[in-house]
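Participant: Can you read through this structure? Questions will come right after.
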């Protein structure tokens, strides 16, 4: 039954038929990926997220570390875009007070005090990309401090601005994912490659190891390891320790993919041809094998990233991962751990949105890549 | 007897299209043929010519997005009481009770891949007994006995024990025999064998073909045999239908087709068979070009781009239709239009 | 078949061993040894530990000997049912854990059953009605299920239940049953509290499983044996349910092996958010207070529990797949 048509042929109009025979593997992948609408949306979302990682300080307007006792647990304040019909973005002045009866903090906006927002305004000092010292921010105010005026997403119990903290958290959470996935990739390609290449006893041992790792519940294990990190370690040390802990378990799926491709490709004629023409083992691996399953590895890596991000977020949420004063999505969500705090300031749940969005985006892109990785398959 | 004249199945101008997002694939464009009772009809053609879709259309098991869009498939029966003499299968509901009663009971199917045609997680007996219970009013115990008897008839040794076995425990030849047993379970009047021997080695092929022939003699059932192997056709078929791109291009008795092929496609096909009379070290004639892309169906006669006798100005503009070219032979070609 | 069983059993034993090494490693992580911590603890309460007593403890745990001897002694003690003392609770570890292990199992198993009960029919529906409206809806919901970490879902559900209905959905028991001993009424109370946590725990696994089932089934329904079953005149519903669904169940059953650890793993963190009386909160507290015997034991018990679960899934696979039963191996 060969009545069904290969998807690539189907995807391309007949007059283009000739093109697919001369297209490179990457072109074919791109053509197929492009057709995957959700994957394209996901890709755009990921690009935006990583732009935010690069320009986290620029997009922030308040110093994420600065506490403002007078503006603690402040609900989000809207930005008014128009003033009397003209485009003049501004926020209203806010006064904090205590309710004399309940002692609860209440905030009152003053409709008469209009504080205009400026683009590329001056704010707290930072180093752009870690090298260029500047104090320009996307938005800010001319008079007074942004910390006391703008509250896009409200503040936490210490009066720190949630929007700016969210940006700082995005930087940590998304890079920690990248670093751990890179480590996992290394371990996965190493063990998967060994397993697929040598087979036999090596393969058996590595496969059993992977099975064992997969059948151990990861979170308790991570918790145990993370809790053992010395308390006096610096933020950077903890950051790398957490990366290593996360990637220790995360490599198994990548190893599985690499091994599977190795096993499948080892039997291919072009590998045999290379062997017969006297190519060395290393040349065969890096010139012939790796390029032909690169696309699969990229797809598997993309699907592994969200797992890493969830892991970091979960650990930090429990207080065992990234520790304050460092900021990550998990650290931010830790503030929302109890019902009391969420009931009092529900906006503390906002960091959940980027977590879900970025995981969705990575899953979409990963799915799209996986489908596209096999341009001749179904 | 008038039954001699009446076919048991008559396919007329069948069209089955697949409606894909990217366009419509005309898998069967214009297929017409008759199946005589007790005879074997061979359908031959290159892969992708619509043979399999044609028989799936007969059984009404074409999968979406495929659909029968035109033509008739007439199944003839002995008229009795108010029962009509024939029924048009294209008019029945694909999964309605009438069609279910015909499928497996009056018309049965043997498939090309014995490896995958049987469920990997059910025993042979389970699938065989299921087929028997579905169409016959017998108890489970009786069905079991019938099943063992069927396995015996198709030449499977130790039939009672085999009922408990799974398909992966049988060899390819035995699997195909088991498939045939399932197909025969309800004594069908028409057996459709879709490339029944393609996946088997040559010796087993011969055995399976012998089995089909002897079963046909015993039961007097008609067979539609689909294959791309002209040798099998020569050995087995009484009549032949040649298909190209979903169209019947020529049909007729096997001797006429082999000795006096009329359609250029049939002629090219026959020339491309190696024979012991071929001169050594001479290239076999091949058909020039390749089967067109399914979305790229040629206009007019679908064979014209590859045809050695292409009549410029006619073949690419109009589609020929089947016309008699001999006593019982018909071809769809402009070469014979005025003859 | 026996070879398969033996191989699986061996793997289970190996995994238990690996878990025990990891648990022991976790116990060893903090600076200082157990006896130092014990002495410090006793001093706090005003009891002085005699030098002799300290020495005895050190010998009992082999603290003066190489690490592998310590490990062997620890394993030996555990095999006798002695899991050591919890520093923080000042009670034997097993006493602290109490019902929590059983409750963890109950919550996880209910979540697993729920996963199956929901994913199976939806997966079948989505495959049979591929690209239908319902299929799109389930795919969409499935993606969200995959993308939402269960603890976040727990947080959101907790908040919504509180703000919309003023209900606190945390916990597994009503307050009057929290400390009560087991009775029918308490079991009934547990059953009433189970659905919400089980649902939250099950969501991501369900989403995964729907995708697995749908993909498997889509592969299977195109196979020739389905066409031949159809050609036999079997009604469509029976064709689908008897053949492709049955075949697709095998890989489905084997997902159980990693789904169970996944659910147990998730239950730890969800329990913390929903304050369930399971292992989760105790594990977190023990880790925060460096109560390592308790923490190590919990990791060990959870590990063993999932190994048992995985082994059971292997047995299920053996039961339903004749290819393994008769030929052995995979």
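Bear in mind these aren't lab numbers, they're just calculated from the coordinates by the rules spelled out. Since the model is a prediction, treat every value here as computed from it, not as a measurement. Every residue, glycine as well, gets a Cβ built from its backbone with ideal geometry; the counts of neighbours run over all protein chains shown.
Participant: Build a GNM of chain B with springs between Cα atoms under 10 Å: which of B:139, B:299, B:32 gets the top mean-square fluctuation?
Facilitator: Sorting by GNM fluctuation, first place goes to B:139.
Participant: Specify the angular offset, from 0 to 90 degrees and rounded to the nearest 10, of the alpha carbon long axis of helix B:202-219 from the longest principal axis of the alpha carbons in chain B.
Facilitator: 70
Participant: Here is a further query. Quick one: pull the percentage of alpha-carbon pairs in segment C:138-242 with a separation above 24 Å.
Facilitator: Result for the distance tail: 52 percent.
Participant: Would you list the P(r) distribution for segment B:173-300, with all Cα-Cα distances sorted into 10 Å bins from 0 and each bin expressed as a whole %?
Facilitator: In whole percents, the pair-distance histogram is 10, 35, 33, 18, 4, 0.
Participant: Per residue, how much space in cubic angstrom lies within the convex hull of the C-alpha atoms of the protein assembly as shown?
Facilitator: 271
Participant: At residue A:72 and residue A:136, where each label point lies 7 Å from the Cα along Cα→Cβ, what is the point-to-point distance in nanometres?
Facilitator: 3.7
Participant: To continue, here is another question. Can you give the FRET efficiency to the nearest 0.05 for residue C:82 and residue C:285, using r as the Cβ-Cβ distance and R₀ = 25 Å?
Facilitator: Working: r = 22 Å, r/R0 = 0.88.
With R0 = 25 Å, the Cβ-Cβ based efficiency is 0.70.
Participant: At a Förster radius of 35 Å, what calculated FRET efficiency corresponds to the Cβ-Cβ distance of residue B:19 and residue A:357, to the nearest 0.05? Write out the running numbers ahead of the final one.
Facilitator: Details: r = 37 Å, r/R0 = 1.05.
Given R0 = 35 Å and the Cβ-Cβ separation, E is 0.45.
Participant: Obtain the radius of gyration and the Kirkwood radius of chain A from its C-alpha atoms and give Rg over Rh.
Facilitator: We get a ratio of 1.08 for chain A.
Participant: Mind giving me the FRET efficiency for residue B:238 and residue C:326? R0 is 30 Å, r the Cβ-Cβ distance, nearest 0.05 is fine. Write down the numbers at each step before the final one.
Facilitator: Working: r = 43 Å, r/R0 = 1.43.
Rounded to the nearest 0.05, the efficiency is 0.10.
Participant: Restricting to Cα pairs below 8 Å that are 6+ residues apart, what does the relative contact order work out to for chain A? Please round to a whole percent.
Facilitator: On the way: 579 pairs, mean separation 83.0, N = 378.
Reported as a whole number, the value is 22 percent.
Participant: How big is Rg to Rh over segment A:295-378, alpha-carbon atoms, Rh as the Kirkwood inverse-mean-distance radius?
Facilitator: Result for segment A:295-378 is an Rg/Rh of 1.15.
Participant: Further question: Report the Stokes-Einstein translational diffusion coefficient (µm² s⁻¹, integer) for segment A:61-158, Rh taken as the Kirkwood radius over Cα pairs, at 25 °C with viscosity 0.890 mPa s.
Facilitator: The Stokes-Einstein estimate is 167 µm²/s.
Participant: Over chain C, what is the relative contact order in whole percent, taking alpha-carbon pairs under 8 Å and six or more residues apart?
Facilitator: Normalised by residue count, the contact order of chain C is 29 percent.
Participant: How large are Rg and Dmax for segment C:188-330 when calculated on the C-alpha trace, in angstrom?
Facilitator: When restricted to Cα atoms, segment C:188-330 yields Rg and Dmax of 20.2, 68 Å.
Participant: Roughly what angle does helix C:279-288 make with the longest principal axis of chain C, taking Cα atoms, 0 to 90 degrees, to the nearest 10?
Facilitator: The helix C:279-288 is inclined about 40 degrees to chain C.
Participant: Here is a further query. Could you tell me the extents of segment B:113-187's C-alpha atoms along the three principal axes, largest first, rounded to whole Å?
Facilitator: Computed over segment B:113-187, the largest-to-smallest principal extents equal 31, 21, 20 Å.
Participant: Compute the convex hull volume of the Cα atoms of chain C, divide it by the residue count, and report the result per residue in Å³ as a whole number.
Facilitator: 182
Participant: Another question, then. Can you give me the distance in nm between label points at residue A:86 and residue B:275, each placed 7 Å from the Cα along the Cα-to-Cβ direction?
Facilitator: With each label placed 7 Å out from Cα toward Cβ, I get 9.8 nm.
Participant: Another question, then. Take the Cα gyration tensor of segment B:1-128, multiply each eigenvalue by 5, square-root it, and list the three semi-axes largest first, rounded to whole angstrom.
Facilitator: 24, 21, 16
Participant: Using a Gaussian network for chain B with springs between C-alpha atoms less than 10 Å apart, which of these wobbles most: B:273, B:156, B:68?
Facilitator: Result for chain B, Cα springs under 10 Å: B:273 fluctuates most.
Participant: May I ask for the Kirkwood hydrodynamic radius of segment B:259-336, worked out over all distinct Cα pairs and given in angstroms to one decimal?
Facilitator: Values: mean 1/r = 0.0709 Å⁻¹.
Answer for segment B:259-336: a Kirkwood hydrodynamic radius of 14.1 Å.
Participant: Let me ask something additional. Quick check on the protein assembly as shown: helices-only [θ] at 222 nm, where DSSP H runs of length 4 and up contribute -39,500 (n - 2.57) each and the sum goes over total residues. Nearest 500, please. If you can, show how the numbers build up before the last one.
Facilitator: Values: 42 runs with 566 residues, N = 1047.
Taking each H run of at least 4 residues, the total per residue is -17500 deg cm²/dmol.
Participant: Under a no-solvent Debye model with one identical scatterer per Cα of chain B, what's log10 I(q)/I(0) at q = 0.06, 0.08, 0.11, 0.13 Å⁻¹?
Facilitator: -0.23, -0.41, -0.76, -1.05
Participant: Quick check: pseudo-label points 7 Å beyond the Cα along Cα→Cβ at residue C:49 and residue B:198, how many nm apart are they?
Facilitator: According to this spin-label approximation, the distance is 7.8 nm.
Participant: Using the C-alpha atoms of segment A:170-223, what convex hull volume per residue, in cubic angstrom, is computed?
Facilitator: Details: hull volume 4.0 nm³, N = 54.
Dividing the Cα hull volume of segment A:170-223 by its residue count gives 75 Å³.
Participant: If you project the alpha carbons of segment A:165-372 onto their three principal axes, what span does each projection cover, largest first, in Å?
Facilitator: So the three principal-axis extents are 71, 35, 28 Å.
Participant: Against the longest alpha carbon principal axis of chain C, how many degrees, from 0 to 90 and to the nearest 10, is the axis of helix C:2-28 turned?
Facilitator: Once rounded, the angle reads 40 degrees.
Participant: Pick from A:323, A:98, A:145: which residue has the top mean-square fluctuation in a GNM of chain A where Cα pairs under 10 Å get a spring?
Facilitator: In the Gaussian network model the winner is A:98.
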